[in-house]
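Here the structure is laid out as structure tokens; the discussion comes afterwards.
The values are calculated or read from the model by the stated rules, or taken from the named source; none is laboratory data. Keep in mind that this is a model prediction, so the values were computed, not measured. For neighbour counting, all protein chains shown are included, and Cβ atoms are generated from backbone atoms with ideal geometry for every residue, glycine included.
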Amino acid sequence: MQRINKTLYANIRKYKIEDKVKATELLKLWDKVIIDFMPDAASQTMVIAYEKGILKVAVLSKEIAYQIHLYQKRLIEMLNNLLGRRMVFRIVCEA
């Protein structure tokens, strides 16, 4: 298993797709972070895109969008900590 991991990570670096792999991981982490941080918002949000440091999230209500806006810095900090690097600089909600 360790050998597979080394080969996988070597290929990720070789083909310069580290950022794409981390972006995919980010999409999965949103659910974990939002459930831990705002459980009532978990079923009302969904990540729709990540590009150039901006995480776009679809929301079902303006109230949830406002809550995310209020706690944006903390959510970004949590996401970046889980990713192990600064990738997210802003969260944009689309209602």
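What to note about this one:
- Selection of region 46-87 for residues being in a strand (DSSP E or B) and touching a residue at least 40 places away in the same chain (Cβ under 8 Å) yields only ILE48.
- Residue pairs meeting the criteria (Cβ under 8 Å; at least 6 apart or on separate chains; first acidic (Asp, Glu), in region 12-30; second part of a helix (DSSP H, G or I) and modelled with pLDDT of 75 or more): GLU25/LEU83
- All conditions in (1) at pLDDT below 95; (2) within 16 Å of LEU27 (Cβ to Cβ); (3) crowded, with 16+ Cβ neighbours inside 10 Å hold for LEU55, with the sole exception of (1).
- Being in contact with a Phe, Trp or Tyr (Cβ under 6 Å, 6 or more places away or on another chain), of a type in the set (A, V, I, L, M, F, W, C) and assigned to a strand (DSSP E or B) is not true of VAL92.
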